[in-house]
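S.K.: Sharing a structure here in structure tokens format.
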Amino acid sequence: MSFSGLFEALAVDRGVAEVIAEAKAGLAASDLTCAPASRPGLIATLATRTERPLLVVTSTFREAEQLAATLVSLLDDDQVVYYPAWETLPHERLSPRSDTVGRRLKVLRRIAGRDEAPAPRIVVAPVRSMLQPQVAGLAELRPVRLRAGTEYEMGQLAADLVAAAYQRVDLVERRGEFAMRGGIVDIFPPTEDLFFFNDSSATEIYTITYFQV
């Protein structure tokens with residue numbers, strides 16, 4: 001379903017039109033107040049009319065996830081991304097979940113144009129993800145990639161996966177783990193729901209991506 005008519009109707013509103021004009025002119029900030037229910041449509045309108053990427057910061061995780069899901073229903077899936085926050089606090093001696101780290105790095109790479117997926121129009125993030133420390137240059141990290149039809153030296157593949165923060169185990173059960181059994185490699189990428197495997201005698205090798213952290 002196309003919502004272009006909705007965007008056109010919102011874009012002719014005087015306040016919205018002024019913000020769009022200011023954004024196209026390069027103004028750094030604008031104030032626009034609206035009802036909570038109209039925010040997704042307004043954000044989508046600004047993203048499609050200004051041709052500038054938007055960072056939408058929410059107060060809670062739940063609000064960010066709900067807003068991202070709503071925006072995906074208004075725009076294409078590849079135009080909206082959710083930038084998650086770590087589950088841990090800076091003073092806690094715990095590491096964030098591997099899938100959270102992987103999702104954050106993928107978003108950064110897309111924003112910087114370093115990923116195969118196009119740069120998003122809208123990035124939705126809870127305020128906590130904006131306040132957490134972030135190392136400069138993360139988007140420049142090179143991922144480990146396996147492609148169909150290409151041969152890989154098993155020892156080098158294991159070394160690359162370990163360098164990319166994967167944990168080598170005997171049996172893969174969790175995200176961020178991999179196992180090698182002869183010519184078979186089991187890999188569970190942090191951002192996937194299921195793990196992939198590679199048999200050296202098979203004709204197909206799955207594409208797997210993770211990043212060094």
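The values are calculated or read from the model by the stated rules, or taken from the named source; none is laboratory data. Keep in mind that what you see is a predicted model, and the values were worked out from it rather than measured. Glycine also receives a Cβ, built like all others from the backbone with ideal geometry; neighbour counts cover every protein chain displayed. Note: areas computed on protein heavy atoms with side chains; ligands, DNA, RNA excluded. Shrake-Rupley method; radii C 1.70, N 1.55, O 1.52, S 1.80 Å.
S.K.: On full extension of the chain, what length is gained from Arg62 through Cys34, given 0.36 nm per residue of separation minus the C-alpha to C-alpha distance?
M.R.: Gain on extension, Arg62 to Cys34, equals 8.1 nm.
S.K.: I would also like to ask the following. Using a 1.4 Å probe on the protein chains only, how many percent of the accessible area of the stretch 1-79 belongs to carbon and sulfur? It would help to have the intermediate numbers written out before the result.
M.R.: Working: 2750 of 5040 Å².
The computed percentage sits at 55.
S.K.: With just the Cα atoms defining each centre, how far is the stretch 142-165 from the stretch 51-79? Give it in Å.
M.R.: The distance from the Cα centre of the stretch 142-165 to that of the stretch 51-79 comes to 33 Å.
S.K.: For the stretch 7-76, with every protein chain kept in place, what is the accessible area per residue (1.4 Å probe, Å²)? Could you put the intermediate results ahead of the total?
M.R.: On the way: 4290 Å² over 70 residues.
Value for the stretch 7-76: 61 Å² per residue.
S.K.: When the chain is fully extended, how far beyond the present Cα-Cα distance does Glu18 get from Phe3, taking 0.36 nm per residue of separation?
M.R.: Taking Glu18 through Phe3 to full extension adds about 3.3 nm, to one decimal.
S.K.: Rank-order 40-52, 64-76, 170-182, 146-158 by packing density, defined as the average count of other C-beta atoms within 10 Å over each peptide's residues, highest first.
M.R.: Working: 40-52: 19.2, 64-76: 17.5, 170-182: 15.7, 146-158: 11.5.
Output ranking for 40-52, 64-76, 170-182, 146-158: 40-52, 64-76, 170-182, 146-158.
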